[in-house]
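What follows draws every value from the coordinates through simple rules; no lab data is involved. No experiment lies behind these values; they were computed from the predicted model shown. Virtual Cβ from ideal backbone geometry, glycine too; neighbours counted across all protein chains shown.
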Amino acid sequence: MELFVAFKSPLISLGRYTIDTVKDMGRIALFFAKGFVLIFPRPVQFNKILQQIYFIGMKSIFVVCLTGAFTGMVLGLQGYYLLVKYGSTGVLGSAVALSLIREMGPVLTAVMVIARGGSAMAAEIGIMRISEQIDALETMDIDPLRFLVSPRIAAALISFPLLTALFDVVGILGGYLTGSVLLGVNPELYFSRVESSVALMDVAGGFIKSIVFAVIVVSICCFQGYFTHTRTEFGAKGVSMSTTSAVVLSCVMILVADYVLTSFLL
Amino acid sequence: MAPALIELKDTVKWLGPNKVLDGVNLRIYRGQITSIIGQSGVGKSVLLKHIIGLLEPDSGQVLFEGKALAAMKKIERKALKRKFSYVFQDTALFDFLTVFENVALPLTENSVCSETEVNQRVRGKLHQLDLHKIDNQYPSQLSGGMKKRVALARALVTDPEIVLFDEPTTGLDPIRKTAVHSMISDYQKRLGFTSIIVSHEIPDVFFISQRVAMIDGGRIRFEGTPEEIQQSADPVVRSFIQGLESPHDELTGIASQSLGQKRLAREMFRLQRHARPFSIVLLSVENLEDVDRIAGHVASQTALKNFATFVKNNTYLTDTCFRYDMNKLMVVLPDTDADQADMFCKKLSRNLNTDAIFDPSEDRKGLCFALSAGIAQAQEDSRIDAMLSGVEKRQNIFYECRI
């Protein structure tokens, strides 16, 4: 009997955890759906969407370029030393471009935006929640989801694919820098390989991934901030825990979603 | 009595393991100011949040014009919400918006009027609350008192039918505190809105409220008029009120109303026992609302404070001067008959000048100050309340100045 109880308790915990997680996923999905639908009723909040594009997109350009350049450079370096063993350094352009466009671009852009914009979203909305600013919106008959979440969703859906494209371009140039300028691969061969090996499906696949990642990041980060008050921790501690959860959960979900999407897109 | 506008019936609310509201029954009547008083942490703010629908009761009902909020359709609740405004205890101002944008937000987001009208209404409200010089600043750059006033401006800019104030004066200095009370009372008279104020400011809220409810142990311990609560025999109510009442009026620095009433009772006893005569003089500032409109509520309350100081300086040590109402002072003159009290008023009128009331450094153009006085000599067989109501009826303007 005791053995049964000892086994039962972790099983109950696991079951409860699984049910809670699935419930939370459902709530996040509904939260996103509501926020997305509220982008469109007139008057469309152009100013707020532009402000968020500036914050999520424009202000991330530098960090995305920096990450893109170094990722491309590392790919060029690693790729060259791998390919040189087989005497096929000519395909370096294909290797760098395809890894960037299909995988590295969408994933690393999303991770960078989570670090820069996602954590800020969770913290900002969380602080608004604990200082009753969200309640104040409700008392003024202003829908907090439309006011706070919808512009962020719209901005993320616009910014993520553009940032991913930028990451890819800068990454390919980074690969050229190490592969051709430093290690002597023929530049014309490098770029012609890039052009010939990248099909429209690869670019489309990368964009689909970036849009899905945008949905995941903005939903999780806004959700964590918006429901800070339902946590067991209160006040500043609650906001800090929400921000941490937002970052960790978004990163994990990005990698999980990346695997699922890749298996469908290949 | 007219049917209640808002009614809470057996409202129960648990917050975590705490039962904050334990069967609250309360009625709020249209066009009245109702104050909710009670110790900290007894659920006054929670009660207010149930009224506006930010919190739902675990059991019981909140009725608006006899209809339960929970039974209302979404569109009805939306329409109802537009009738309400809420002033939060911690202001809940949007820290990423300027003062102007904060006040304009309920108008711009709900597209209720044109941009020009928004501009006009917001500027008007900021001017009334003496905030027009800081309209470009952010809430984090403001003092606590200023933030409170911005929150008030934001609540009143939509001309709501029902305004809920959650401790609107906490953290303000005495002049601004009474300026806020006078503003609430003034707006309520002019616009006729219904108001619910959660407050600790006793007896100040009694001056402006028509009804008072005291919450204790999750239930309404007392509900009635300010006069009734001050005469309540309930030991819990009495100890709460007396615990908060200061012997001195916070704004004017003169004796408080309760101390004045005690002094009146003592003089009456002396008259009946030792035949020592005494008179009372009721001094009312008749046009404080005009000063409000021209120079703002802070200027009007400063004028009242200055006037109280002037009266106090013109009385003897044995006289008692106390705050009788929002704009009324009473002077109790022992060993004085009606003729001598009349001479006292004449002396006040002779000595009073505009510089004593209004700050000479401020722009005072268009301001007017009118005082009326009512005099009564106590008789051995007269009752204090009859004497007070009599003196209120016999008031005549005895001083007027225009600048």
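Applied to the range A:44-57, the Karplus parametrisation 6.51 cos²θ - 1.76 cosθ + 1.60 on θ = phi - 60° returns per-residue 3J(HN,Hα) values of 5, 7, 4, 4, 5, 5, 4, 4, 6, 4, 4, 6, 6, x Hz, with x for Gly and Pro. Both radii were evaluated on the Cα set of the protein assembly as shown; the Rg over Rh quotient, with Rh as the Kirkwood radius, amounts to 1.15. Two tests apply to each whole DSSP H helix in chain A, Cα reach of 27 Å or more along its axis and mean Kyte-Doolittle hydropathy of at least -1.0, and the ones passing both are A:2-37, A:61-83, A:150-176, A:200-226, A:235-265.
Between the Cα long axis of helix B:174-191 and the first principal axis of chain B there is an angle of about 70°, rounded to the nearest 10. As a proxy for reagent exposure, B:ILE175, A:ILE208 were ordered by neighbouring Cβ count within 10 angstrom, fewest first; the result is A:ILE208, B:ILE175.
Report the relative contact order of chain B, percent, no decimals, based on alpha-carbon pairs under 8 angstrom and at least 6 residues apart. For chain B, the relative contact order is 15 percent. Against the longest alpha carbon principal axis of chain B, how many degrees, from 0 to 90 and to the nearest 10, is the axis of helix B:99-109 turned? Once rounded, the angle reads 50 degrees. The local environment of B:GLU65, defined by Cβ-Cβ distances under 10 Å, has a net charge of +1 under the rule Lys, Arg +1 and Asp, Glu -1. Amide H contacts of A:VAL185 (H built 1.01 Å from N, in plane; Pro and chain starts excluded): A:SER180 sit under 5 Å, all sequence-distant by 5 or more or on other chains. Helix B:144-156 against the longest principal axis of chain B: what's the angle in degrees, Cα atoms only, rounded to the nearest 10? Approximately 70 degrees, to the nearest 10. Relative contact order of the range A:60-211: 49 percent, from C-alpha pairs under 8 Å at least 6 residues apart in sequence. The magnitude of the dipole of the range B:252-403, with charges of +1 and -1 set on the Cβ of Lys/Arg and Asp/Glu and taken from the Cα centre, is near 340 debye. For chain A, the calculated P(r), taken from all Cα-Cα distances in 10 Å bins from zero up to the bin holding the longest distance, is 7, 25, 28, 19, 13, 7, 1, 0 percent. Taking 30 Å as the limit for the C-alpha separation, the pairs B:LYS13/B:LYS189; B:LYS83/B:LYS305; B:LYS81/B:LYS177; B:LYS44/B:LYS189; B:LYS67/B:LYS125; A:LYS85/A:LYS209 exceed it in the case of B:LYS13/B:LYS189; B:LYS83/B:LYS305; B:LYS67/B:LYS125; A:LYS85/A:LYS209. What does DSSP give for chain B in terms of the percent of beta bridges that are antiparallel, rounded to the nearest 5? DSSP beta bridges in chain B are roughly 70 percent antiparallel. The HN-Hα couplings worked out from phi for the range B:59-69 by the Karplus form 6.51 cos²θ - 1.76 cosθ + 1.60 (θ = phi - 60°) are 8, x, 9, 10, 10, 10, 6, x, 10, 5, 4 Hz, whole numbers, x standing for Gly and Pro.
The distance linking the range B:331-346 with the range B:67-105 is 52 Å (Cα centroid to Cα centroid, whole angstrom).
The value obtained for the range B:90-143, namely the Cα convex hull volume divided by the number of residues, is 85 Å³ per residue.
Overall, chain A carries a charge dipole of about 80 debye about its Cα centre when +1 sits on the Cβ of Lys and Arg and -1 on the Cβ of Asp and Glu, all other atoms neutral. Taking amide H positions as modeled 1.01 Å from N, with prolines and chain starts lacking one, the residues under 5 Å from B:ASP216 and 5 or more places away or on another chain are B:ARG221. By the gyration tensor of its Cα atoms, with a ≥ b ≥ c the square roots of the eigenvalues, what is the shape of chain B: rounded for a/c under 1.5, prolate for a/b over b/c, or oblate? In terms of gyration-tensor shape, oblate. The tail of the calculated P(r) for the range B:10-60 beyond 12 Å holds 66 percent of all Cα-Cα pairs.
In chain B, taking the dipole from charged Cβ atoms about the Cα centre, the farthest positive-side position among B:ILE220, B:ASN119, B:ILE6 is held by B:ILE6. Database remark: amide H of B:ASN287 closer than 5 angstrom to the amide H of B:ALA370 (H placed geometrically; neighbours at sequence offset of 5 or more, or on other chains; Pro and chain starts carry no H). Using the Karplus relation 6.51 cos²θ - 1.76 cosθ + 1.60 with θ = phi - 60°, the per-residue 3J(HN,Hα) values for the range B:329-340 come to 10, 10, 10, 9, 10, x, 6, 9, 9, 4, 5, 5 Hz, with x marking Gly and Pro.
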